[in-house]
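The values are calculated or read from the model by the stated rules, or taken from the named source; none is laboratory data. These figures come from a predicted structure and were not determined experimentally. Note that each Cβ is placed from the backbone with ideal geometry, even for glycine, and that neighbours are counted across all protein chains shown.
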Amino acid sequence: MRKLTAGIPWLGSGIFLLGLSVFAFLGIYDRYWADDWCFNADLKTLGFWGTLQGYMYITHYASNRFSSTIFTALLQSMGVFGVQILGFLVVVLWFGGLLLTLWGLNCFFRLRVSVVFIVFATLAIEYYSIYLAPARFQILYWRAAALPYSGPLTFFLLIAGSILWQANRENISKLLPVLIAILSFLDGGFSEQGSAYLLAGLSILWVLAWFYGRAGNQQAKRILGLVSVALIFDVLAMLVLLASPANGPRRAASYTEPASLWMVPVLSIEYTLDFVQSSLRSLIIPYAVLSLLFMLIPFASAAGGGAQLKISSRNTTISALVLCAGCLILIAAGMAPIAYIEKAPPDPRGMIFAQLMLDLILAGIFWLLGNWLVSRSDPQWVTLLAFAILLPLGYMFRPIGLTYAELPRYVQRAQTWDTRDQAIRSAQEQGILQIDVKGIDSAYMDHTLDFKEKPSFWINGCAEIYYGMDEIRATLH
């Protein structure tokens, strides 16, 4: 029986890995959309350094986000392949960062969770965060959105994981502070939301390191300096974002007067609570499955012979409250820049920060509850409930199947795009500089914009510069 239960985390990991593989596979059919064309046009006409210097004056996209510009240029150097691998890169980097972070927390707090269950939990949380993301297409497959949102999220996890990795090593790496400084500066340069999110996360980590360090914890003492370095370079990146001369004209053209500073925390908390409430109400079944899954993980671990975390009712409650508070602070931090600039919650793509935190809250609370229940359950019930985890795992084939069922739509869209691309290039080579092409319906791309019939539309204009055309018109007919 123990051998059977020991296979549960391997089975669960395989199922969630399959789901993540589907997300990565669909990226093969990714192409350029919306702002991608403007980046492409600038990189073609201005070159890399010229586009990066657009930080001073370019207003048709957020040119102050220097990290987004740098990595856009890197991906664009590979052509269409650079966007085809984008979803894969997000999935892999997210997994690596989250795994490092969860493993580091496991060692720091001496939770004694085995590696295989940490891998299982990492895959499950990542899958849920991507699957339930309010704008999944954009944060995975639209380069101009994936970089400023998924980019800082994955970098944040890599930074936190690297710091915690150092906390659990007696020998201090001489290169790690340099790496942390570079990663933090780049993370802060992806977007205002990403910079604020990193600042809040590092501040929480700094407080924990200071508190445990004062109590004599050597692990905490080892990382206080690293966290301080990360904070300094994130603040520097934030200042660079704010100092861009292009911010003023872009704000005047696109936004109303910003919110007063004292209203920002009020609005951020309001938007945070609205997000949590609306998410739980509209996605009650997926969240119930996630909660059940993590409540049963401790039963599967105990039945398979894993170490048990003995936790009192009081410590369970305190730990759950601290986890909720930390994650809600991070959600609110991600809301703050948009609350200030637009007096509104972020666009759906900007909710990916909040999505991960909400999933971590539920996973953490129910994992703590499961450990509390295991310590008070009869061994026969432990074994029975260990196998009950097959129910939420079996449910996962449904969302994975629904995602894979979108494949024909992705294939057709890519074929239409490729045919259109070939037609434009062929016309340009023949000296025909005005062309009508087939448009692509954005309804199934989280409304990510594409060419329109009106040639004066800004996306058409950027594509015309990129292709060297005078006029591109596109209709859905």
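State whether one or more residues within the stretch 186-194 are part of a helix (DSSP H, G or I), of a type in the set (S, T, Y) and within 21 Å of the chain's Cα centre (by Cα). Give the steps one after another, and end with the answer.
Just the residues of the stretch 186-194 that are part of a helix (DSSP H, G or I), to begin with: 186-188, 192-194.
Still in the running and of a type in the set (S, T, Y): none.
The answer is no, given that none of the residues of the stretch 186-194 is part of a helix (DSSP H, G or I), of a type in the set (S, T, Y) and within 21 Å of the chain's Cα centre (by Cα).
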Within the stretch 1-52, the residues that are modelled with pLDDT of 95 or more, among the polar types (S, T, N, Q) and over 27 Å from the mean Cα position of the chain (by Cα) are T45
If R110 passes every condition in (1) basic (K, R); (2) surrounded by fewer than 24 Cβ atoms within 10 Å (Cβ to Cβ); (3) farther than 21 Å from L290 by Cβ; (4) touching a residue at least 12 places away in the same chain (Cβ under 8 Å) but one, which one does it miss?
(4)
With G394, G468 as the choices, which residue is at positive phi and either surrounded by fewer than 16 Cβ atoms within 10 Å (Cβ to Cβ) or in contact with a Ser or Thr (Cβ under 9 Å, 6 or more places away or on another chain) (or both)?
G468
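Evaluate the following for S442: is it in contact with a Leu (Cβ under 8 Å, 6 or more places away or on another chain) and either farther than 30 Å from S291 by Cβ or modelled with pLDDT of 95 or more (or both)? If you could, list the steps in order and put the result at the bottom.
Values: in contact with a Leu (Cβ under 8 Å, 6 or more places away or on another chain): yes; either farther than 30 Å from S291 by Cβ or modelled with pLDDT of 95 or more (or both): yes.
The answer is yes for S442.
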I159 vs. criteria in a helix (DSSP H, G or I) and either outside the structural domain of G350 (by TED's automatic domain parsing) or in contact (Cβ under 8 Å) with a residue 60 or more places away in the chain (or both)
yes
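In the stretch 36-52, what residues are surrounded by fewer than 17 Cβ atoms within 10 Å (Cβ to Cβ) and in contact with a helix residue (DSSP H, G or I) (Cβ under 8 Å, 6 or more places away or on another chain)? Working first, answer last.
The first filter runs over the stretch 36-52 and keeps only residues surrounded by fewer than 17 Cβ atoms within 10 Å (Cβ to Cβ), leaving 44-50.
K44, T45, L46, F48, G50, listed by residue number.
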Restricting attention to the stretch 73-85, does a residue exist that is buried (at least 20 other Cβ atoms within 10 Å of the Cβ), over 16 Å from the mean Cα position of the chain (by Cα) and closer than 17 Å to G19 by Cα?
no
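Please specify each residue of the stretch 195-223 satisfying the condition of being farther than 28 Å from R65 by Cα, in a helix (DSSP H, G or I) and of a type outside the set (G, A, S). Spell out how you get there, then give the answer.
So the first thing to find is which residues in the stretch 195-223 are farther than 28 Å from R65 by Cα, and the list is 207-223.
Subset that is in a helix (DSSP H, G or I): 207-214, 218-223.
Those that are farther than 28 Å from R65 by Cα, in a helix (DSSP H, G or I) and of a type outside the set (G, A, S): V207, L208, W210, F211, Y212, R214, Q218, Q219, K221, R222, I223.
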Flagged pairs (Cβ under 8 angstrom, 6 or more apart or on separate chains; first in the stretch 184-210, under 20 Å from F108 (Cα atoms); second surrounded by 23 or more Cβ atoms within 10 Å (Cβ to Cβ) and among the aromatic types (F, W, Y)) are G201/F156
From the option list L433, L407, L449, single residue qualifying as more than 32 Å from the chain's Cα centre (by Cα) and hydrophobic (A, V, I, L, M, F, W, C) is L433
Given the options G97, G50, G82, name the one that is farther than 17 Å from Y466 by Cα and either part of a helix (DSSP H, G or I) or in contact with a Gly (Cβ under 6 Å, 6 or more places away or on another chain) (or both).
G97
Out of (1) farther than 30 Å from A405 by Cα; (2) touching a helix residue (DSSP H, G or I) at 6+ places or on another chain (Cβ under 6 Å); (3) assigned to a loop (DSSP other than H, G, I, E, B), what's the single condition that is false for I472?
(3)
Specify the residue that is surrounded by the fewest Cβ atoms within 10 Å (Cβ to Cβ); the eligible residues are those in the stretch 319-339 that are of a type outside the set (A, V, I, L, M, F, W, C) and closer than 18 Å to G189 by Cα.
P337
